[in-house]
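S.K.: Take a look at the following structure, please.
The values are calculated or read from the model by the stated rules, or taken from the named source; none is laboratory data. Please read these numbers as outputs of a predicted model, since none were measured by experiment. Note that we place each Cβ from the backbone using ideal geometry, even for glycine, and neighbour counts take in every protein chain shown.
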Amino acid sequence: MKTGADFLADELFNFGVRVAFVFTGGAISAIIDSAEDRGIKIIPYDNELDASYAAEGYVRATLKPTVVLVTSGPGLTNTITGIAGSWFDSIPVLFISGQVKSHEKTNFDICLQNGFQETDVIRSTSHMTKYCKAVDHCSQIIPTVRDAFKSMLTGRPGPAVLDITMDAQTQVMENPNLENYIYYDFKEILNKGMHLDNTLSLKKDYEYLLKKMLEAKNPVILIGGGMQWLPSGLFENIVKKLKIKIISTYTAVNAIRQDNLYYDGMIGPFGNPEANKSLIEASDLFVLGARIPQRAFPLLTKESKKKFQSVRKFVLTVDPSEFINHKIGPIDKIVNGLINDFIKYADDTIPDSDDIDKVFKKELSKNLIPIKMFQSIQSPSDNSLSTENNYSIFQLFDSLNNTLPKNSDIFVDVGQNVCSSILGLKRNRGERIFSSWANSPMGYSLPASLGAALDDNERQSVCIIGDGGFRTALSSLPNLRAMKGKVKIILWDNQGYRTIVDHLEKMLSGRRKAVTVESGIPYFPIKKVLISSDLELLDSKGNLENDMKIFFSDDKIDVMIVHIDPSIRMIPNIAI
Ligand SMILES: Cc1ncc(C[n+]2csc(CCOP(=O)(O)OP(=O)(O)O)c2C)c(N)n1
């Protein structure tokens, strides 16, 4: 006879879960125990937030299913930022929280709280999950896990939450008669971008879209986060055939190499000016799997706004509701369909041509970052900052581009490091860049890179993180130590929260409350903390590229501190 927790572990295993990210507690320990027994590797973190970021990083990089196991009340509420990040970036991560016994549960409409460490999980998470269900009896466990997986992979992918009472976990049950269920391959479904039940476009919609693309005078394709699940290289194969200019949002970068002849870069205030120009100058814009939130759209002059209104617009999406009253204006046609299906249709329809190899011939300049975007601007309030041994952002990317191991998976955090990495990394040797793009919480990239590194995929996991972000991720240091050599950290030390300094320069007349050492952030001995955590570091003071070579070739060094000129400000592209 098996318990509810045993059936849950079996079901997770059958869906392909081999790794669980956990923080234990009384209300979840039965599930952790059964999962380990079933052969699921348990990876403990020192708080639930790190566990949820790590799980999300694991799914982004591997396309394999995983689960976050946390206790009731504070265990679950600590994961909320992780759930939000998965929701806004459409990452299918399953979160399971333990809950008080079913007879102790509170009617939250009437009472504050009856059970110890009880919280209203459903109301706390239902608005940012594909599926969210309270499980009070062991007989509900198997059907709800199946529903959760199906929801996570139907239409726009996203996270699910199961809140399982302690009695449901420990109740003993006969083998339920649910034998005829066919388990599917998580990665295969993600690659295709759909679950079988989706009601989607017909071939004639793809025909229409392709015809419009090929007929247009100056077509431009804008790709977005919907591209993140395509098998690697699939989109580039069709770009060779389409020979149409491509621009992207940040979230789509891994679908196309930086040196692809047809790629004009990323749009947005912190994107490539050439891409913004291509967006405005298109005769016909084809938006594939992008929802284009405010941050991703460039600042436009009155004249460009008018010009952009006349661009014909076509959208291919799994989530047409995102385009109701969209700021890009009326859309000529919205196709509710799958990028994978469209690519397949285009591939079958367009004949191969001889000049296919030209696609990778674009010469990349030494510096890819728009120079005006990162400028050194001294301010009187910057007096106390150390100006010695600092490198410029351009020096940093030069060195990184020359030394990063091939096929690195680079997780970037928040602030200057995310915007400059996405622009400045060449991504021409199999590198992939990940971040929590839409939610953008400080401290994400360290645990996320640790999660991704759990997969044995021969890719080097690299984390780039600011000194502010790093401090919020300190609870992951024991995991970093445990995974010696698997993750390399570039600690971008620009002496504080420079993104907020930029912000305050524009507001509050530059007053620095809670940003500089004098006005808020306490002094923090970063090196002492690293050393006492049994981590090895390299504090770069000389030839940056040489130091970086040593760093990437020596498995024992965990963290490289790179001192970045603190007077550098991030300045958005002006309106075009
Ligand atoms: C969890 C969280 N809290 C607060 C913020 C707001 N915020 C955005 S950038 C930033 C400063 C980041 O500092 P650092 O990591 O040192 O990077 P820098 O800005 O110096 O490049 C802050 C506080 C955030 N993004 N996430």
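S.K.: Got a sec? Which of PRO441, PRO447 is at pLDDT 95 or above and either over 27 Å from PRO293 (Cβ atoms) or buried (at least 24 other Cβ atoms within 10 Å of the Cβ) (or both)? Give the derivation first.
M.R.: Details: PRO441 fails: either over 27 Å from PRO293 (Cβ atoms) or buried (at least 24 other Cβ atoms within 10 Å of the Cβ) (or both).
From the options PRO441, PRO447, the qualifying one is PRO447.
S.K.: Here is a list of conditions, (1) within 15 Å of the ligand (Cβ to nearest atom); (2) over 24 Å from ALA61 (Cβ atoms); (3) β-branched (Val, Ile, Thr), and ILE465 meets all of them except one; can you say which number that is?
M.R.: Of everything listed in (1) within 15 Å of the ligand (Cβ to nearest atom); (2) over 24 Å from ALA61 (Cβ atoms); (3) β-branched (Val, Ile, Thr), ILE465 misses just condition (2).
S.K.: Still on this structure: Report whether or not THR81 is within 16 Å of the ligand (Cβ to nearest atom) and surrounded by fewer than 20 Cβ atoms within 10 Å (Cβ to Cβ). Write out each step before concluding.
M.R.: Numbers: within 16 Å of the ligand (Cβ to nearest atom): yes; surrounded by fewer than 20 Cβ atoms within 10 Å (Cβ to Cβ): yes.
Against the criterion (within 16 Å of the ligand (Cβ to nearest atom) and surrounded by fewer than 20 Cβ atoms within 10 Å (Cβ to Cβ)), THR81 qualifies.
S.K.: For region 468-503, name all the residues that are within 12 Å of the ligand (Cβ to nearest atom), closer than 23 Å to PRO405 by Cα and charged (D, E, K, R).
M.R.: Selection gives ASP493 alone.
S.K.: Restricting to strands (runs of 3 or more DSSP E) lying wholly in region 463-576: which have 3 or more residues that are touching a residue at least 40 places away in the same chain (Cβ under 8 Å)? Can you show your working first?
M.R.: Details: elements: 487-493, 537-539, 559-563, 568-570.
The strands (runs of 3 or more DSSP E) meeting that bar are 487-493, 559-563, 568-570.
S.K.: Follow-up question, since we're still on this one. Could you tell me which of the residues SER379, SER420 is farther than 20 Å from ARG459 by Cβ, hydroxyl-bearing (Ser, Thr, Tyr), within 16 Å of the ligand (Cβ to nearest atom) and in contact with a strand residue (DSSP E or B) (Cβ under 8 Å, 6 or more places away or on another chain)? Give the steps one after another, and end with the answer.
M.R.: Details: SER379 fails: in contact with a strand residue (DSSP E or B) (Cβ under 8 Å, 6 or more places away or on another chain).
Only one candidate qualifies: SER420.
S.K.: Sticking with this structure for a sec: Could you list, ordered by first residue, the pairs with Cβ atoms under 7 Å in which the first is in region 78-90 and assigned to a helix (DSSP H, G or I) and the second is within 14 Å of the ligand (Cβ to nearest atom) and among the aliphatic types (A, V, I, L, M), at least 6 apart or interchain?
M.R.: What qualifies is THR81/LEU49; GLY82/LEU49; PHE88/ALA438.
S.K.: Only one of (1) assigned to a loop (DSSP other than H, G, I, E, B); (2) buried (at least 24 other Cβ atoms within 10 Å of the Cβ) is not met by LYS64, so which one is it?
M.R.: (2)
S.K.: Could you give me the residue pairs with C-beta distances under 7 Å whose first residue belongs to region 395-416 and is of a type in the set (Lys, Arg), whose second residue is away from the ligand (no atom under 16 Å from the Cβ) and assigned to a loop (DSSP other than H, G, I, E, B) wherever it lies, and which are 6+ apart or on separate chains?
M.R.: Pairs found: LYS406/ARG429; LYS406/GLY430.
S.K.: Can you tell me which residue within region 399-417, out of those that are under 26 Å from ALA296 (Cα atoms) and more than 11 Å from the ligand (Cβ to nearest atom), is surrounded by the most Cβ atoms within 10 Å (Cβ to Cβ)? Before you say what the answer is, go through the steps one by one.
M.R.: At the first step, the residues of region 399-417 found to be under 26 Å from ALA296 (Cα atoms) are 400-401, 408-417.
Now narrow it down to the ones that are more than 11 Å from the ligand (Cβ to nearest atom): 400-401, 408-411.
Working: LEU400: 24, ASN401: 21, SER408: 21, ASP409: 26, ILE410: 26, PHE411: 33.
The selected residue is PHE411.
S.K.: Search region 105-146 for residues being farther than 16 Å from GLY75 by Cβ and acidic (Asp, Glu), and hand back the single one that is surrounded by the fewest Cβ atoms within 10 Å (Cβ to Cβ).
M.R.: Residue satisfying both the conditions and the ranking: ASP109.
S.K.: Among the numbered criteria (1) hydroxyl-bearing (Ser, Thr, Tyr); (2) crowded, with 19+ Cβ neighbours inside 10 Å; (3) in the same structural domain as PHE314 (by TED's automatic domain parsing), which single criterion is violated by THR154?
M.R.: That leaves (3) as the condition not met.
S.K.: Might you check whether a residue that is of a type in the set (Gly, Ala, Ser) and assigned to a helix (DSSP H, G or I) occurs anywhere in region 145-160?
M.R.: Looking only at region 145-160, we keep the residues that are of a type in the set (Gly, Ala, Ser), and these are 148, 151, 155, 158, 160.
Of the ones still in play, those that are also assigned to a helix (DSSP H, G or I) are 148, 151.
Checked region 145-160: at least one residue is of a type in the set (Gly, Ala, Ser) and assigned to a helix (DSSP H, G or I).
S.K.: For residues that are in contact with a Gly (Cβ under 7 Å, 6 or more places away or on another chain) and small (Gly, Ala, Ser), scanning just region 1-29, find the one that is surrounded by the most Cβ atoms within 10 Å (Cβ to Cβ). Lay out the reasoning, then the answer.
M.R.: From region 1-29, those in contact with a Gly (Cβ under 7 Å, 6 or more places away or on another chain) are 13, 21, 23, 25, 27-28; that's our starting set.
With small (Gly, Ala, Ser) added as a condition, the list becomes 25, 27.
On the way: GLY25: 20, ALA27: 27.
That would be ALA27.
S.K.: Follow-up question, since we're still on this one. Take the residues in region 94-139 that are among the acidic types (Asp, Glu) and in contact with a Lys or Arg (Cβ under 9 Å, 6 or more places away or on another chain); name whichever of them is farthest from LEU178 (Cα to Cα).
M.R.: The initial filter retains those residues of region 94-139 that are among the acidic types (Asp, Glu), namely 104, 109, 118, 120, 136.
Among the residues that remain, those that are also in contact with a Lys or Arg (Cβ under 9 Å, 6 or more places away or on another chain) are: 118, 136.
Working: GLU118: 31, ASP136: 19 Å.
It comes out as GLU118.
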